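A short reminder: the numbers here are calculations on the coordinates, not readings from a lab. Here the structure is a predicted model, which is why all the values come from computation and not from measurement. Neighbour counts run over all protein chains shown; Cβ positions are idealised from the backbone, glycine included.
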Amino acid sequence: MFNLTLFRAVFYQSRIPQLISSIDLTMVQFNPAFCEFVGYSPDELEKLPMEKISHPDDMAADAQLFGELLDRKRDEYQLEKRYIHKSGEIKTGVLTVSKIHEQLTGEEYLLGQVLDITEKKHMENALKYREKKYRLLAEHSSDIIMLHKVDFSCLYISPSVKTVLGYQPEEMIEKSPLELIHPDDLIELRKQQICDHIEETKLITYRCRKKDGSFIWIESTVKALVCTETGEVKEIVTVSRDIEQRMETQDRLRKSEKLAVVGQMAAAVAHEIRNPLTPIKGFMQLLNTEQEMNPVYLKIVLDELQRVEAIISEFLTMAKPHTKKLRIVFVDQLVKQVVQLLQTEAKLEQKGLYLEVGQPILSIMGDSNSLTQVFLNIIQNALESLSKWGQVQIRVMADSTGVTVKIEDNGCGIPKERLSKLGEPFYSTKERGTGLGLMTCYRIIEAHQGRIDIESEEGEGTTVTIWLPYRTEKSE
C-alpha cells in the first residue's frame, strides 16, 4: 500500500475525482469522488482495467502523453478525456496527470485529477447544434437574415442577399444597410424614430437599392437582442424579404378598384340623367309636332331639367373636397339654424320637429358650411320619412371626446337588408333619390374625423348619430 501520510486527508475528502498510481500502473487507488464520477465502487474499480472506463478514441492521445511523462520529456500533462460511466453514459473531464515524490523513500508516484466538465460539454454541444441548425436555416432561407451591431453595421448576412439585392455577403460586413434605403423612406423612418428606438419588434416597409442601382420594396422585421443582466441592447436581428411583387399586385388591385368605381359611377350617372331626359325628349317632340306651346308640357320639361341639374350638383358636391379652412364651430348653433329653417315646412305638413341641447356644448374645429349641409340633409330625410303627426327629436350632447348629434324619428324606418347599402352612390330608399346626398354626408363627417351611425327598425323609426371630435388648428 502507498504511504499516504501527507495526502490522505486531501485525497479522500476532496470532491475532485482523483487517483494515485505507481509508475508502472500496477497499483492504483481511487478516491470516493472518482468512484462516484464513473459509477463504480472501489472494489469494482480495482478489478477493472483502465481501458474499460476510458473512451477508446481518447486512448491513443492519453498513451502518447503518458509515455512522454515516463521518458521525462514533461513533468505533467493535461488532456480532455471521455470516460464511460457504469450506466453507459459518456462523462467528460479534463485529466491532469503529474509526478509526485515520497520524501521519506524517494519513490515516485502518479497523481491524476479529473475536472468534471460533462454539463459544460453538453451545453457546448447543444449550442453548437443549435448554431449549426440556425445557420443552415439562415443559409438556405429565401429571406435576408442579418445580425447587426447597435449602430446597425452588419456582423452577419445570409447568402440570400445575393439573390435578392445582388450583393455578395462579404460586401455587406461592417457596412450599415441604412445606406441602401431610399432617401425618402429613410427620412420617414427617422421621423418615426424606428432607427433609434428598437426595444420592441418592429415591422417596416421601404425601398432598398440593389447593386445595379434599381430599387425594390423590402419588408423587414427588426428585433433587438437585450442583455438579461444590464437590460441594454447588445445586437439587432433583421429578417427582410422582397415584397416587390406584392406591392405591384396591390397597386394593380387599387387601380382596378378605382376603375371599377369610376365605371359604376359613370353608368349610374348616365342612368340617372337618362331618366329625366326621356320625358324631356318626348315632350319636345310633342311641342314640335303640335307647333304650339302647352304650359303643362313646359312645366314638366322644366321640372325634369331641374332634376338633371340637382343630380349633377350632388355629383359635383360629392367629388370635390368638403373641408376648407377649419374654424371654430359651435355645433348646437348650426343645428339650431337648420331646425329654424325647416320648422315652418314641418308645421305646414303637421309634423313635429324638436331640439334639445345639453349644457355646455364646447366648440370644435370644422367647416360650418359643409356641416350645415350634413344636418340639413339628414334632418330633411327624417322629416320625409314621417307621416302626418310624426315627430323628429334632435339632441345635441357633449363629453370629453367630442360633440354628438342624435336625430331620431318615428317614421317608416329602413329594412335591415337596406341599412348596409346606405351611403353607396345612387342607392336610395326614396323613389326619386340618388343616394349622393347621404354619401356626401359620410364624406364630410369622415373629413372631420368623425363618424355616422344609423340604426333603424322598419315601421318604428330611424336614429342617426353623428359624432364630431374636438380638434385644434395646431393638430391640423
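Here are some notes:
- Listed options for mean projected area of the Cα convex hull in nm² are [x] 44.4; [y] 22.5; [z] 50.9. The value calculated from this structure is the one marked [x].
- Prolate/oblate/rounded label for region 141-242 (Cα gyration tensor, a/c 1.5): oblate
- Charge dipole of the chain about the Cα centre (unit charges at C-beta), most positive-ward option of Ala310, Val94, Cys412: Ala310
- Cα shape, region 8-118, gyration tensor, a/c 1.5 rule: oblate
- Net charge dipole, the chain: roughly 1320 debye, given to the nearest 20, about the Cα centre with Cβ charges of +1 for Lys and Arg and -1 for Asp and Glu.
- Cβ-defined net charge surrounding Tyr297, 15 Å radius [Lys, Arg +1; Asp, Glu -1]: -2
- For the chain, the relative contact order comes to 7 percent (Cα pairs under 8 Å, sequence separation of at least 6).
- Only aspartates and glutamates eight or more places from Lys202 in sequence, or on another chain, were considered; those with a Cα closer than 20 Å are Asp143, Asp151, Glu179, Asp184, Asp185, Glu188, Glu219, Glu232, Glu235, Asp242, Glu244.
- Those residues of region 104-119 whose amide nitrogen sits under 13 Å from the label point placed on Val94, 7 Å along Cα→Cβ: 113-118
- The chain: calculated mean residue ellipticity at 222 nm from DSSP helix runs of at least 4, using -39500 (n - 2.57): -13500 deg cm²/dmol
- A simple count of charges around Asp116, restricted to other residues whose Cβ falls under 11 Å of its Cβ and scoring Lys, Arg +1 and Asp, Glu -1, yields +2.
- Given R0 = 30 Å, the distance between the Cβ atoms of Asp24 and Lys86 translates into a calculated FRET efficiency of 0.70.
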